[in-house]
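The values are calculated or read from the model by the stated rules, or taken from the named source; none is laboratory data. Keep in mind that what you see is a predicted model, and the values were worked out from it rather than measured. Glycine gets a Cβ as well: all are built from the backbone with ideal geometry, and neighbour counts include every protein chain shown.
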Amino acid sequence: MRFVGRIFGLLLVFLVLGQSTSAQEAVFPSGSGIGLVPPAGLVPSSNFSGFEDPAKGTSLVVTELPVEAYATIAAGFNKEGLLATGIDTLSGPDDWPVQGAVVSKLIRASQVAAGVKYRKWIVLIGAQSTTGMVTVQIPDGAKDTLSDADVEKALRTLVVRAPASLSDQIASLPFKVSDASGFRPVRVIAGATLLLTEGVNDVAVNSTQPMVVIASNLNTAPEAATRLEFSKKAFASLTGIKNVKSDNETSSTVDGAEWVEIDGTATDSASGDTLYVAQIVRFETSKYVRAILIVKDTVKGKYADRFRKLAKSMTIN
C-alpha cells in the first residue's frame, strides 16, 4: 500500500490559493505549523485548515504531511504528474521563498472541477519538521476576485514554525471521533482529515497495516435524494486502488443523521493485493463526514466491526 501516494491523490481530489513578512504577522490556521498573511477578503475557514471567501468560491488550503512524504510528492510535482490528477500546469515548478523551509517550489496551474474552471497555485514545502502544500484556487472569470499579483504577494509571506502537537491538531478538527476502537491516530491533514492505523509504523506500506481515513467535506453536503449515488461515486473513485467492487450498500437514519454504508473489494495498484474496502458517511443538513477503511481482504474480520464502531462514533461540530 503506497500510503503517502494514496493520501496525496485523495488530497488533490478533496482540495478541488511582494515583500516578505515576519512570523509575527503571519496567521496560522488552528493546529497548523504553516502560516501566511492571507489575501484581502479571505477569512479563516471552519471546514478546513486555511482561509476562504465562500461567496466568491476562493480557497487557500494549508496541508501538512510527514517529513518523509516530500520526496514522494516532489517526484510527481511536475506537469506530467499533476496532469494525471486533472491539474494543467501553466508554469513551474519554480523555486519559491518560504521562511523556515529547506526547499519550496511553486506551480501555477488551472483545473476544471464540477464544470468550473479554476486558477490554481500550489506551493510544495519541504522543512525539517514537516512537508507542506499550500493550494489556492479561484474560479476563472468570476468578478472582483483576487488578481494573480494578490495571490503571489500572499504566498511570499509563507512561514513554517514548529508544528502543533497531534492532540492539539485533532482537537481543532471540524468533527470528533469518540471511540477510536483501537486504531491509532497518526496524522491530521489540512485541518479536515484524520489518518489512523494499527501497528508499529505510522506509514502503512504495501498493505502491511490497515489505513483509516476520516475526512470532513470542503463543500456543502449533497441533497438527500442524491446521497446514495454520491457515496457510490466516492467509493468507486478512491485513489491507489483499482477493480473496486461494491458488495453491500445501505442507508439508515439515526438521531437526525443519515448514514450511508458501502463495503466491497479492490486491488492494490502497487502490490496487487486483494483489499477489503469500507466507507461510512454521516450526512447532516449541510455537512458530512466520511470514514474509509482499506486493509488486506485476508484480515478484514479483524478490522471490519471495529471500523464500523469507530465510524458510528463520528459527530460533526
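Determine, yes or no, whether Tyr303 is crowded, with 20+ Cβ neighbours inside 10 Å, within 20 Å of the chain's Cα centre (by Cα) and aromatic (Phe, Trp, Tyr). Walk me through it before giving the result.
Values: crowded, with 20+ Cβ neighbours inside 10 Å: yes; within 20 Å of the chain's Cα centre (by Cα): no; aromatic (Phe, Trp, Tyr): yes.
Spelling it out, it is not the case that Tyr303 is crowded, with 20+ Cβ neighbours inside 10 Å, within 20 Å of the chain's Cα centre (by Cα) and aromatic (Phe, Trp, Tyr).
For segment 188-204, which residues satisfy the criterion of being of a type in the set (Val, Ile, Thr) and either touching a His at 6+ places or on another chain (Cβ under 8 Å) or modelled with pLDDT of 90 or more (or both)?
Going through segment 188-204, the residues of a type in the set (Val, Ile, Thr) turn out to be 188-189, 193, 197, 200, 203.
Within segment 188-204, just Thr197 meets the criteria.
Only one residue in Ile138, Ile122, Ile107 is under 18 Å from Ser32 (Cβ atoms) and either outside the structural domain of Gly81 (by TED's automatic domain parsing) or of a type in the set (A, V, I, L, M) (or both). Which one?
Only one candidate passes the filter, namely Ile122.
With the requirement that a residue be of a type in the set (D, E, K, R), farther than 19 Å from Leu82 by Cβ and in a loop (DSSP other than H, G, I, E, B), what does segment 132-164 give you?
From segment 132-164, those of a type in the set (D, E, K, R) are 140, 143-144, 148, 150, 152-153, 156, 161; that's our starting set.
From what's left, farther than 19 Å from Leu82 by Cβ: 143-144, 150, 153, 156, 161.
The answer is Lys143, Asp144, Arg156, Arg161.
With respect to Ala84, is the statement that it is modelled with pLDDT under 90, in contact with a helix residue (DSSP H, G or I) (Cβ under 6 Å, 6 or more places away or on another chain) and hydrophobic (A, V, I, L, M, F, W, C) true? I'd like the intermediate steps shown before the answer.
Details: modelled with pLDDT under 90: yes; in contact with a helix residue (DSSP H, G or I) (Cβ under 6 Å, 6 or more places away or on another chain): no; hydrophobic (A, V, I, L, M, F, W, C): yes.
It is false that Ala84 is modelled with pLDDT under 90, in contact with a helix residue (DSSP H, G or I) (Cβ under 6 Å, 6 or more places away or on another chain) and hydrophobic (A, V, I, L, M, F, W, C).
Would you mind finding the one in Ser110, Ser167, Ser129 that is under 27 Å from Asn78 (Cα atoms) and not in a loop (DSSP other than H, G, I, E, B)? First the steps, then the outcome.
Working: Ser167 fails: under 27 Å from Asn78 (Cα atoms); Ser129 fails: not in a loop (DSSP other than H, G, I, E, B).
Of the residues listed, the single one that is under 27 Å from Asn78 (Cα atoms) and not in a loop (DSSP other than H, G, I, E, B) is Ser110.
Given the conditions (1) under 17 Å from Val188 (Cα atoms); (2) surrounded by fewer than 23 Cβ atoms within 10 Å (Cβ to Cβ); (3) of a type in the set (Gly, Ala, Ser), report the number of the one that Gly141 does not fulfil.
It is condition (1) that Gly141 fails.
Going residue by residue through segment 96-104, is there one that turns out to be part of a strand (DSSP E or B) and among the aromatic types (Phe, Trp, Tyr)? Spell out the reasoning first.
First pass over segment 96-104, keeping only residues part of a strand (DSSP E or B): 99, 103-104.
In the following step, the residues that additionally are among the aromatic types (Phe, Trp, Tyr) were identified as none.
No.
Looking at Val112, Val103, Val116, which one is β-branched (Val, Ile, Thr) and at pLDDT 95 or above? Let's see the steps before the verdict.
Numbers: Val112 fails: at pLDDT 95 or above; Val116 fails: at pLDDT 95 or above.
It is Val103.
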